[in-house]
Amino acid sequence: QGRRWRFMLIGPTGVGKTSLLAALEHRERAEAIKTQMIDYSGWGIDTPGEYSELGHLRRALVTVVVDADVLVVAQLSTSTRSVFPPNYFLMFNQDTIGVVTQIDQPGADVERASGLLREVGITGSIFPVSVVTGAGISELRDLLQGQIVSSKE
């Protein structure tokens, strides 16, 4: 039967990866709990933000990426910088999708955040999302579910 199709959520601490994963899986959004380790329990692979932020931990992401079919990289809509170096994601064979999170926040700048995602090598679609309002969640879910169908053909 082969291994299960998965995507991997990558991004800094506080960007909302775990909440986004809950929204994509139609789960109730629980109190924000700090992700302590790489979590394979759901549809997607959830990663701690420190693995993105700290260069010496980033190699753990590189190791786990082999378990993912698609990389979903999150960028906070209010942030003015990325934690990743330019073109970082071009080294991976997987398709890359960008997600601009917390677009409902004051000071959100989707265009700037999207530009930061392109700078770090995101080549696929970019989805502005809010787990609070639900904006963009169903579109991202539909794309990811379409990836599952196409990978089985």
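The values are calculated or read from the model by the stated rules, or taken from the named source; none is laboratory data. Quick caveat: nothing in here was measured; it's all calculated off a predicted structure. A quick note on method: Cβ atoms are made from the backbone with ideal geometry, for glycine too, and the neighbour counts reach across all protein chains shown. Areas reflect the complete protein model, heavy atoms only, side chains present, ligands, DNA and RNA absent. Shrake-Rupley method; radii C 1.70, N 1.55, O 1.52, S 1.80 Å.
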Item checked: Dipole in debye (nearest 20) - the chain, about Cα centre, beta carbon charges: Lys, Arg +1; Asp, Glu -1 -> 280
Notebook entry, point to check: If amide H atoms are built 1.01 Å from N in the plane of the peptide, which residues on other chains or at least 5 residues away come under 5 Å of the amide H of Ile126?
Noted result: Gly98
Notebook entry, point to check: Mind listing the phi-derived Karplus ³J(HN,Hα) values for segment 35-50, rounded to whole Hz, using 6.51, -1.76 and 1.60 with θ = phi - 60°, and x for any glycine or proline?
Noted result: 6, 9, 8, 5, 10, 9, 6, x, 5, x, 8, 9, 10, x, x, 4
Checklist line | Long-range HN-HN contacts of Asp95 with modeled amide H, under 5 Å | finding: Leu71
Item checked: Per-residue HN-Hα couplings for segment 110-124 [Karplus 6.51, -1.76, 1.60; θ = phi - 60°; Hz; x = Gly/Pro] -> 5, 5, 5, 4, 5, x, 5, 5, 5, 4, 8, x, 6, 9, x
Check: Across segment 4-12, in residue order, what do the Karplus-derived ³J(HN,Hα) couplings come to in whole Hz, using 6.51 cos²θ - 1.76 cosθ + 1.60 with θ = phi - 60° and x for Gly and Pro?
Finding: 6, 6, 9, 10, 10, 8, 10, x, x
Margin query: Just want to confirm a number: the relative contact order over the chain, from Cα pairs under 8 angstrom separated by 6+ residues, in percent.
Written below: 23
Note to self: For the ranges 70-76, 94-100, what's the packing order if you count other beta-carbon atoms within 10 Å of each residue, average per peptide, and put the highest first?
What the structure shows: 70-76, 94-100
Next item on the list: Taking amide H positions as placed in the peptide plane 1.01 Å from N, state which residues far from Leu76 in sequence (5 or more) or on other chains have amide H under 5 Å from it.
Entry: Thr101
Item checked: segment 96-146, accessible surface, carbon-and-sulfur percent (1.4 angstrom probe) -> 50
